[in-house]
Structures are given as structure tokens and as C-alpha cells.
Amino acid sequence: MNFEFSEEQQFIRDQARNFLSQECTTAVVRGVLESDAACDRDLWGKIVELGWTAMAIPEEHGGLGLGYLELCVIAEELGRALAPVPFSSSVYLATEAIVRFGSADQRAHYLPRLAAGELIGALAHAEGPGEAVNLQVLDNRLSGSKWPVPDGDVADIAVVSARDAQGELRLYIADLNHDGVRRNTLHSMDPSRSQARIDFDAAVVAPLGDAGERELDALLDGAAVLLAFEQVGGSQAAMDSGLEYTKQRYAFGRPVASFQALKHKFADMFVAIELARSNAYYGAWALSSDAPDLPLAAATARVSASDAYYLVSKENLQAHGGMGFTWEFDCHLYYRRAQLLSSQVGSQRRWKDLVATRLLQAA
């Protein structure tokens, strides 16, 4: 495989980076972190105006009709900027589920509103610790709890995984503003990206086309690739932050960046990021070409990007010395986001198990 983004896609990346460098500084991230807000609504509105929420939606449903590669470059820049917006939940998961698996009526009803930012979507899959899905839908009504649901407290609709009357796992659409739905914000490692508990009490839901367990796995694989790009972007920004600081900091009359111990640390960070980036590119190629490699590519991208972001965010703290652990420095922002993203669309244990399982299947 010889893969690279096109000139047009790199232009989109440059424009996104320029926009976010002005509109999503770490001061903006801190503004959400230090307040009761679940996200930055002003930034979200500007992102909608730029058409990012409409990128992968077909033109007949109010979208731009672009593809996954364009989403990948946007995802990397959102990760680099630590953007406090529900982009991954609404675009990678809810919108994508409706595009791929919704009925004609569901696509016509929801997609234009998601593209225009009138609705925010989320995926309600987890039911606390573990990977099991036990909630059951009877007569199109759902009772029980889903938690944590990323961005569940700001979402208007949710794609919900639950079992039908025969015990088969299916996907449903729930309107989170209707009767029978109660939401509570959960405390998390990174309050700039909210998490919620959603309690359903005989809430009305509608089947999402004929989507079942296989379709859910495909949805999570695609989201894993896009989240890997967010993690790569965040990893790169964290390493750049540490490198810039150590070049300016002096000890014993020399910049501390010249010390061998720190050089080794930055070399380890660089290698981890490049490994994650190569796996993310592999995943982008597989996702955009609907290659049979996608399940394995998604799992390897997910694991390597999560590992890289954790390593780099941790070593960035160390590179800043004692100051890195203070609230005034930005190191904790990257560490928080690294921890949060590693738990989305399934735990690291799940994805590492999938790497092993899918390697055996490929062999």
C-alpha cells in the first residue's frame, strides 16, 4: 500500500488548522473545562457554518458529498486543537450510522438537520463497565440505562444498541428530548468533552433500518479510524509543546533539550507517533476503499494511537518538570484528553483482543 492524502485534502487540513489555531486556543478549552458548560457552543456553530458536519453526508440530504479521507484530516486537526465539541459523537457515530444503515425515510428526516447543525447525535452503547449489551426493546419501547454516553447531555438524538424481543442485538434511534428520557452529566477525567448517563423509561425508539451486530461492529471500526486521527493530532501537539518548552529551559548553562535522557524520551515519543500515524493512514485507506482489511486496520490504528497519546501526554508532563503538573501549564489538557479518548468506542482491552482475533482470522 502506498497512500497519501491528495493536494485538495491537504488544503482542507491547512485551512482547518488555521481556523482552529485562531478559534480554538487552549484558553477556549480551559473555558469549557473550568465552567459548567458541556461544550463550546460558539465554536460548534462556527464548525457547522464551515460545513464540517455535512462533509460525509450525501448531497441529496443536504451534505457536501465528500468522503472519509476529508473527515480524517479534519479529525486530526480537531485532536490537535483539543476541540471541546461533540464532533466525534455526532459525525463519526450518529450521522454515519444513519447514512449507512437508516431507512430512506430516516435519512431524509435526520440527515439534513444533522448536516445543518440543527441536531446533535450520539451513540448510546455502553452499559457501565464491560462490553455486554443487555437492554431490551419491547413494542418499540426501551427501559434501562446507558452510561457513559459521550456527549449524551448535549445530544438531541441517540443511536442506541439494544436487544429485540428475540434477543438479537439491534440499533435504534431515540429522541432524547421526548418523554421517558432522563439525562445526567457524569464527572470524567476531561470535562471539556462531556459524558452522560441516559435513563430510558419506556421511551419510544425506532429501529435503525435493519442494522444489527455486524453493522454496529462496522460502525465502531470506522469511528476507531477517525478517533485514531484525533489521537495522532493530540499526540503531535503534546510532543511539540514539550519540545518547545525544553528548548527554552536551561539548566547548568545548557538547554535541557540537549540532555541525552530527554533526547531519548523525545525519540520514543516520535517513534510512537509515527507508528500510530502509519496505522491511522492504513486505516484511512481501508475505510475509504471499503477494503476487507478494515477490521484489522481499524483495531491496529485504535491500539497504536491510544498507546501513543498516553505515552506522549505522560512524557510531556515529565519534560516540563515540576511545572508540568501545575494547573497553569497545558500539559494536563492533553493528558485528560488522552485518557478520555482511549475509553471511547470500547476499551483498550477490547481493541487489543480484536487485534489478536483479527490477526488470526487474516492468517
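Against the definition (among the acidic types (Asp, Glu) and in a helix (DSSP H, G or I)), how does ASP240 come out, yes or no?
On the way: among the acidic types (Asp, Glu): yes; in a helix (DSSP H, G or I): yes.
The answer is yes for ASP240.
Looking at the range 292-314, which of its residues are closer than 24 Å to ALA363 by Cα, hydrophobic (A, V, I, L, M, F, W, C) and crowded, with 24+ Cβ neighbours inside 10 Å?
The answer is ALA297, ALA298, ALA299, ALA301, ALA305.
In the range 263-271 there is at least one residue that is at pLDDT below 95, more than 15 Å from SER235 (Cβ to Cβ) and of a type in the set (Lys, Arg).
Within the range 271-287, can one find any residue that is in contact with a Leu (Cβ under 9 Å, 6 or more places away or on another chain) and either of a type in the set (D, E, K, R) or surrounded by fewer than 19 Cβ atoms within 10 Å (Cβ to Cβ) (or both)? No; the residues of the range 271-287 include none that is in contact with a Leu (Cβ under 9 Å, 6 or more places away or on another chain) and either of a type in the set (D, E, K, R) or surrounded by fewer than 19 Cβ atoms within 10 Å (Cβ to Cβ) (or both).
Meeting the requirement of 2 or more residues that are out of contact with any helix residue (DSSP H, G or I) (no Cβ under 9 Å at 6 or more places or on another chain) and over 29 Å from GLY212 (Cβ atoms), the helices (runs of 4 or more DSSP H) wholly within the range 8-123 are 26-33, 41-50.
The requirement of being within 16 Å of GLY234 (Cα to Cα), in contact with a Ser or Thr (Cβ under 6 Å, 6 or more places away or on another chain) and modelled with pLDDT of 95 or more is not satisfied by VAL73.
Being assigned to a strand (DSSP E or B) and either aliphatic (A, V, I, L, M) or in contact with a His (Cβ under 8 Å, 6 or more places away or on another chain) (or both) is the filter here, so list the residues in the range 126-151 that pass it.
Let us first name the residues in the range 126-151 that are assigned to a strand (DSSP E or B), namely 127, 136-138, 141-150.
Within the range 126-151, VAL137, LEU138, LEU142, LYS146, VAL149 meet the criteria.
For the range 24-35, name all the residues that are surrounded by fewer than 16 Cβ atoms within 10 Å (Cβ to Cβ) and under 20 Å from the mean Cα position of the chain (by Cα).
Result: THR25, single match.
Among the residues of the range 343-359, those identified as crowded, with 22+ Cβ neighbours inside 10 Å and either at positive phi or not in a helix (DSSP H, G or I) (or both) are GLN344, VAL345. Considering only residues in the range 118-151 that are within 26 Å of VAL32 (Cα to Cα) and more than 17 Å from the chain's Cα centre (by Cα), the one that is modelled with the lowest pLDDT turns out to be GLY128.
Right, LEU69: within 18 Å of the chain's Cα centre (by Cα) and surrounded by 17 or more Cβ atoms within 10 Å (Cβ to Cβ) or not? Answer is yes for this residue.
Determine which member of the set VAL154, VAL204, VAL159 is of a type in the set (A, V, I, L, M) and either at pLDDT below 95 or part of a loop (DSSP other than H, G, I, E, B) (or both). Explain how you work it out, then say what you get.
Numbers: VAL204 fails: either at pLDDT below 95 or part of a loop (DSSP other than H, G, I, E, B) (or both); VAL159 fails: either at pLDDT below 95 or part of a loop (DSSP other than H, G, I, E, B) (or both).
Answer to the selection: VAL154.
For residues in the range 72-115 being more than 17 Å from VAL154 (Cα to Cα) and without any contact (Cβ under 8 Å) to a residue 60 or more places away in the chain, which is surrounded by the most Cβ atoms within 10 Å (Cβ to Cβ)?
Let us first name the residues in the range 72-115 that are more than 17 Å from VAL154 (Cα to Cα), namely 72-82, 96-109, 111-112.
Add one more test, that the residue is without any contact (Cβ under 8 Å) to a residue 60 or more places away in the chain, and what stays is 99, 104-105, 107-109, 111-112.
On the way: VAL99: 17, ALA104: 8, ASP105: 10, ARG107: 19, ALA108: 13, HIS109: 15, LEU111: 22, PRO112: 17.
Taking the candidates together, the pick is LEU111.
Are any residues in the range 1-36 polar (S, T, N, Q), touching a Leu at 6+ places or on another chain (Cβ under 9 Å) and touching a residue at least 12 places away in the same chain (Cβ under 8 Å), and if so, which ones? Matches in the range 1-36: SER6, GLN9, THR26. Write out, first by first residue and then by second, each pair whose Cβ atoms fall under 8 Å of each other, whose residues are 6+ apart or on separate chains, and whose first residue, in the range 212-236, is within 15 Å of VAL160 (Cα to Cα) while the second is basic (Lys, Arg) and not in a helix (DSSP H, G or I). What qualifies is GLY212/ARG170. The residues listed here are ARG183, ARG193, ARG163, ARG197; of these, the one that is touching a Leu at 6+ places or on another chain (Cβ under 7 Å), of a type in the set (Lys, Arg), touching a residue at least 24 places away in the same chain (Cβ under 8 Å) and crowded, with 24+ Cβ neighbours inside 10 Å is ARG193.
Go through the range 207-235 and give me each residue that's outside any helix (DSSP H, G or I) and touching a strand residue (DSSP E or B) at 6+ places or on another chain (Cβ under 7 Å). Explain how you work it out, then say what you get.
First, pick out the residues of the range 207-235 that are outside any helix (DSSP H, G or I): 207-212.
PRO207, LEU208, ALA211, GLY212 - these are the residues of the range 207-235 that are outside any helix (DSSP H, G or I) and touching a strand residue (DSSP E or B) at 6+ places or on another chain (Cβ under 7 Å).
When ARG254, ARG277 are checked against the criterion of being among the basic types (Lys, Arg) and within 30 Å of GLY222 (Cα to Cα), a single residue qualifies: ARG277.
Those residues that are within 19 Å of the chain's Cα centre (by Cα) and part of a helix (DSSP H, G or I), I need them from the range 321-342; list them, please.
Pass one, the range 321-342, residues within 19 Å of the chain's Cα centre (by Cα): 332-342.
Result: HIS332, LEU333, TYR334, TYR335, ARG336, ARG337, ALA338, GLN339, LEU340, LEU341.
The values are calculated or read from the model by the stated rules, or taken from the named source; none is laboratory data. Every value quoted in this text rests on a predicted model; they were computed, and no experiment measured them. Counting neighbours? That spans all protein chains shown, and the Cβs are built from the backbone with ideal geometry, glycine included.
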